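What follows is one structure encoded as structure tokens, with my remarks underneath.
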Amino acid sequence: MKTKARLFMAFKIWMVIYPSITLFQFFFGKELAVLPLYQRTFLLTAILVPWVVFAGVPLVDLLLKTISSKKND
């Protein structure tokens, strides 16, 4: 994979993971604060990794394709 394509993929993942982590912390941060760090990290990753892989990044791909196709029309 070319460097430019890898950088673009990393950016797409970041576009999903940053707001996802932020919202997760906003909604569940106080409740999870009583747990040890390793348990909070486990819950965060157990929920957000599947979200990013199976829903978030495909959604960003779809949005980018839609925007790109409208731009080319």
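The values are calculated or read from the model by the stated rules, or taken from the named source; none is laboratory data. The structure displayed is predicted, hence computed values, not measured ones. Note: ideal-geometry Cβ built from the backbone for every residue, glycine included; neighbour counts use all protein chains shown.
The table that follows gives values for the structure above.
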| item | result |
| --- | --- |
| Residues within the stretch 46-70 that are surrounded by 11 or more Cβ atoms within 10 Å (Cβ to Cβ), closer than 24 Å to residue 6 by Cα, free of Cβ contacts under 8 Å to residues at least 40 places away in the same chain and not aromatic (Phe, Trp, Tyr), tallied | 8 |
| Residue selected from the stretch 30-40 under the condition assigned to a helix (DSSP H, G or I) and surrounded by 12 or more Cβ atoms within 10 Å (Cβ to Cβ), by the criterion nearest to the chain's Cα centre (by Cα) | 40 |
| From the options 12, 4, residue that is exposed (fewer than 10 other Cβ atoms within 10 Å of the Cβ) and not in a loop (DSSP other than H, G, I, E, B) | 4 |
| Test for residue 68: is it at pLDDT below 95 and polar (S, T, N, Q) | yes |
